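Contents: one structure, followed by commentary.
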Amino acid sequence: MRCEEVRPLLPEMAGGVPEGVTEVEAHLGSCAACSAELGRYRATALQLSALREDLVEPPNAALERALARVPAWRWRLLSRRVVVDERLRYAALSLGGVMVGALAIGLLRRRAAHREPALVTPASSP
C-alpha cells in the first residue's frame, strides 16, 4: 500500500486496530512517516480522553458575568449592521411589516369572533 491510501485510515486506527488491516499494518512497519502520524493521532486521542476525566468548574459568577456582557454588545453590533447594510434594513422593515399585518389580522379575527351574531327572524309566510 502507498502512504496516500493509508493516511485516511489512520484516525480510525488510532482508536484501535480494526479488522482486515494487515496490509496497513505491514505498511506502518515499513514507513516511518505514517507510523509517526499514527503515533500523533494516538497521542491526541489520549489527551482528548484525559479531558473527559478532568472536569474544571468555572467560578460561581463567571457564567452570569459572561451572559450579562453578551446582549449589550450584540444588540449594538446588530443595530449598526441594520443601519449600514441596506439589505438588512429592508429585511428588518419587511419583517416589521409582516408582524404588523399579522397583528392586524389577529385583531380583526378576534373582533369578529366576539361580535354577537345578528338575530335572524324567520320570515312570516302569507
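The values are calculated or read from the model by the stated rules, or taken from the named source; none is laboratory data. This structure is a prediction, so every number in the text was calculated from the model and none was measured. Note: ideal-geometry Cβ built from the backbone for every residue, glycine included; neighbour counts use all protein chains shown. Accessible surface is based on the protein model in full, side chains and every heavy atom, while ligands, DNA and RNA are left aside. Shrake-Rupley method; radii C 1.70, N 1.55, O 1.52, S 1.80 Å.
Of note:
- The stretch 1-51, residues that are loosely packed, with under 10 Cβ neighbours inside 10 Å, part of a loop (DSSP other than H, G, I, E, B) and among the hydrophobic types (A, V, I, L, M, F, W, C): none
- Filter result for Glu64 (among the acidic types (Asp, Glu), within 19 Å of Ala14 (Cβ to Cβ) and without any contact (Cβ under 8 Å) to a residue 60 or more places away in the chain): no
- In the stretch 52-72, of all residues being closer than 30 Å to Gly16 by Cβ and not in a loop (DSSP other than H, G, I, E, B), the one that is least open to solvent (accessible area, probe 1.4 Å) corresponds to Glu53.
- Qualifying residue in the stretch 73-92 (condition: open to solvent by less than 100 Å² (accessible area, probe 1.4 Å) and aromatic (Phe, Trp, Tyr)): no
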